[in-house]
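> Just dropping this structure here.
The values are calculated or read from the model by the stated rules, or taken from the named source; none is laboratory data. Keep in mind it's a predicted model, so treat the numbers as computed, not measured. Note that each Cβ is placed from the backbone with ideal geometry, even for glycine, and that neighbours are counted across all protein chains shown. To get the accessible areas, we keep the full protein, side chains included, count just its heavy atoms, and leave off ligands, DNA and RNA. Shrake-Rupley method; radii C 1.70, N 1.55, O 1.52, S 1.80 Å.
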Amino acid sequence: MKRCYVLLTLLLALTGAAAATVNVERYGAKPNGRTLNTKAIQAAIDAAAREGGTVVFPAGVYLTGSIFVKSGVTLRIDRGVTLLGSQDIRDYPVMPTRIAGIETAWPAALVNVYRQRGAAIEGEGTIDGDGKVFWDSYWTLRRAYEPRGLRWASDYDAQRPRLIQVFDAADVRVGGGLLLRRSGFWTLHICYSTGVTVDGVVIRNNSDGLGPSTDGIDIDSSNKVLVQHADIDVNDDALCLKAGRDADGLRVARPTEDVIIRDAVVRAAAAGITFGSETSGGFRNIEAYNITVEGRTPVGILFKSAHTRGGFGENLRIHDITMKDVPVVLRITMNWNPSYSYAQIPADVKEVPPVWRVLATRVPPEQGRARFHDVTLANIRATGATRAFEVDGYREAPLRLFRLSNLDIQAKEGGWLYDIEDWRFDDARLALGMRIETEDGAQLRGVAPAALVVRPRPPKEDPSKKSYEEQDKS
């Protein structure tokens with residue numbers, strides 16, 4: 001009797017294991033790179049969802065539009081498997097989401113975890129957005145928009161699919177050695193979600209040209225997020241914290257908090273670690289450390305906001321950062337990219353799109369000022385820099401209580417520190433070809449007077465006057 005029970009138990013276990021693995025081939029998926037497999041892959045995911053199983057793929061290239069990973073399902077993309085994104089925008093259904101800080105309807109990502117729990121996207125295979133067609137459509141629209149004063153609308157009207165979206169989800173894993181490449185827009189967008197782990201991703205967007213807005217990992221009004229072991233080469237922000245834009249972001253008022261980012265390398269990007277420019281919901285309890293930023297990245301650590309964003313940043317800890325030939329070590333700007341940041345609808349527009357109305361909604365000045373305080377920057381090593389600091393806050397809301405310790409920075413210029421309050425430097429080894437500019441009365445401790453020059457705040461170049469090829473991308 002006991003022997004029969006053991007055999008029955010083994011049989012049930014084997015049956016359950018078989019049922020828990022769903023092969024997309026069973027549902028008609030063809031790995032030839034030409035057949036559109038969206039329905040077949042989704043059918044396999046739906047079957048796995050009924051038992052909490054794993055979806056697997058035989059080796060090959062699977063052309064697909066948007067697919068949706070369900071609760072309890074692992075989408076396993078093994079070495080030798082590529083999910084290739086369709087270049088037809090109609091294969092990405094339009095649905096409610098948030099894009100660049102605004103809640104709106106937008107094409108779904110190539111791979112989505114949308115309002116699910118306990119899902120995973122893992123393996124050593126490739127997710128390839130094949131995004132150049134979407135990059136080209138963006139530049140075409142932007143060239144038409146900029147002469148009309150509509151730079152701010154370009155990113156919202158040129159709808160492009162993200163590579164992976166984790167939206168309003170919980171307990172999600174992404175990684176295991178995945179190669180993510182050629183995203184049409186942001187690569188991995190984590191929005192309104194909790195308990196997300198990203199462990200082991202390689203992101204390569206700078207092939208087929210330089211894709212606009214191809215951020216690496218965006219953590220947007222989410223909490224309890226861990227990002228580690230990322231290797232990133234993109235054409236916009238690499239590791240980016242976001243929390244909503246302007247009136248819409250202030251309405252939603254959801255912070256990004258309790259986030260750890262660690263053990264990463266940024267090979268190329270607009271910036272290595274970024275807060276903003278969508279700051280409206282605020283940032284709290286963020287730690288980033290053991291990150292290397294390399295020389296094809298113009299800024300190592302970036303805080304960016306605008307006069308209409310609002311929000312806050314508090315208890316932000318950035319430490320053990322190494323920069324090699326990165327031109328600017330630390331940039332903080334509260335008036336970032338005005339032509340993108342401030343929406344003004346031209347008088348000749350008769351039918352105003354809803355998203356334009358949201359973007360142009362007025363924010364009172366007091367609400368529009370982002371407030372950053374209690375920020376720690378420690379163990380920062382930078383060699384081959386052009387400028388150490390580019391810091392501009394608000395006179396009405398200065399950047400407060402920044403602690404900078406164990407700095408080892410070699411730069412041709414010190415740069416500037418304006419609109420600051422109670423900044424302290426400890427053990428700051430600054431080898432600067434030119435001194436740091438600051439203003440009379442700045443609360444700055446721990447820097448030798450010989451390293452400073454006090455003068456009135458000079459006007460800085462307006463980024464909106466640059467050509468679209470030169471401007472930082474949003």
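> When you take every Cα atom in the range 304-368, what is the radius of gyration, and what is Dmax, the widest Cα pair distance, in Å?
17.0, 53
> Roughly how many Å² of VAL133 are accessible to a 1.4 Å probe, to the nearest 10?
About 60 Å², ignoring ligands and nucleic acids.
> Charges at C-beta only: +1 for Lys and Arg, -1 for Asp and Glu. How large is the resulting dipole of the chain about its Cα centre, in Debye rounded to 20?
So the magnitude is around 760 debye.
> With viscosity set to 1.002 mPa s at 20 °C, what whole-number translational diffusion coefficient in µm²/s follows for the range 323-441 from Stokes-Einstein and a Kirkwood radius over Cα pairs?
129
> Given the Cα atoms of the chain, and with Rh set as the inverse mean 1/r over their pairs in the Kirkwood sense, what is Rg to Rh to two decimals?
Reported Rg/Rh (Cα atoms, Kirkwood Rh): 1.02.
> Give me the angle, in degrees from 0 to 90, between the Cα long axis of helix 132-145 and the longest principal axis of the Cα atoms of the chain, rounded to the nearest 10.
The two axes meet at around 40 degrees.
> Please return the longest stretch of the chain lacking exposed loop sites, where GluC sites (Glu not before Pro) count only if DSSP places them in a loop and at most 14 other Cβ atoms lie within 10 Å.
Looking at the chain, 52-350 is the longest stretch - no exposed GluC sites (Glu not before Pro) with at most 14 other Cβ atoms within 10 Å.
> Rg to Rh ratio, the range 179-235, alpha-carbon atoms and Kirkwood radius?
Rg/Rh: 0.99.
> Kindly provide the Kirkwood hydrodynamic radius of the range 392-449 in Å, to one decimal, from all pairs of distinct alpha carbon atoms.
By the Kirkwood definition, the hydrodynamic radius is 11.9 Å.
> Under Stokes-Einstein, with the Kirkwood radius over Cα pairs standing in for Rh, what whole-number D in µm²/s applies to the range 218-311 at 37 °C and 0.692 mPa s?
Once the numbers are plugged in, D ends up at 249 µm²/s.
> Kindly state, as a whole number, the per residue volume in cubic angstrom of the convex hull around the alpha carbon atoms of the range 56-106.
Hull volume over Cα atoms, normalised by residue count, gives 113 Å³.
> What list of ³J(HN,Hα) couplings, whole Hz, do you get for the range 179-187 from phi and the Karplus terms 6.51, -1.76, 1.60, once you set θ to phi - 60° and write x for glycine and proline?
These are the phi-based 3J(HN,Hα) values: 9, 10, 9, 6, 5, x, 9, 4, 7 Hz.
> Looking at the range 91-237, send over the antiparallel percent of its DSSP beta bridges, to the nearest 5.
15
> Given N residues in the range 333-396, what is its alpha carbon radius of gyration divided by 2.2 N^0.38 Å?
Normalised Cα radius of gyration, the range 333-396: 1.68.
> While we're on this one: Which ³J(HN,Hα) values, rounded to whole Hz and listed in residue order, are derived for the range 70-75 from phi using the Karplus coefficients 6.51, -1.76 and 1.60 in 6.51 cos²θ - 1.76 cosθ + 1.60 with θ = phi - 60°, glycine and proline given as x?
Couplings: 9, 4, x, 9, 9, 8 Hz.
> Next question, about the same structure. Taking all pairs of distinct Cα atoms, average 1/r, flip it, and tell me the Kirkwood hydrodynamic radius of the range 148-261 in Å to one decimal place.
The Cα-based Kirkwood calculation yields 14.6 Å.
> With point charges of +1 on the Cβ of Lys and Arg and -1 on the Cβ of Asp and Glu, referenced to the Cα centre of the chain, which listed residue (LEU163, ALA238, TYR340) lies farthest in the positive direction of the dipole?
The residue sitting farthest along the positive end of the dipole is LEU163.
> Now, a different point. Whose amide H sits under 5 Å from the amide H of SER71, counting only residues 5 or more places off or on another chain, with H placed in the peptide plane?
Placed amide hydrogens put ARG117 under 5 Å from SER71.
> Counting only DSSP beta bridges with both residues in the chain, tell me the antiparallel percent, nearest 5.
Taking every DSSP beta bridge within the chain, about 5 percent pair in antiparallel fashion.
> Rounded to two decimals, what is the ratio between the C-alpha radius of gyration of the range 75-154 and 2.2 N^0.38 Å?
1.37
> Hey, what do the phi angles of the range 398-412 turn into as Karplus ³J(HN,Hα) couplings, whole Hz, using 6.51/-1.76/1.60 and θ = phi - 60°, x for Gly and Pro?
These are the phi-based 3J(HN,Hα) values: x, 6, 10, 6, 9, 10, 10, 10, 6, 9, 9, 10, 10, 8, 5 Hz.
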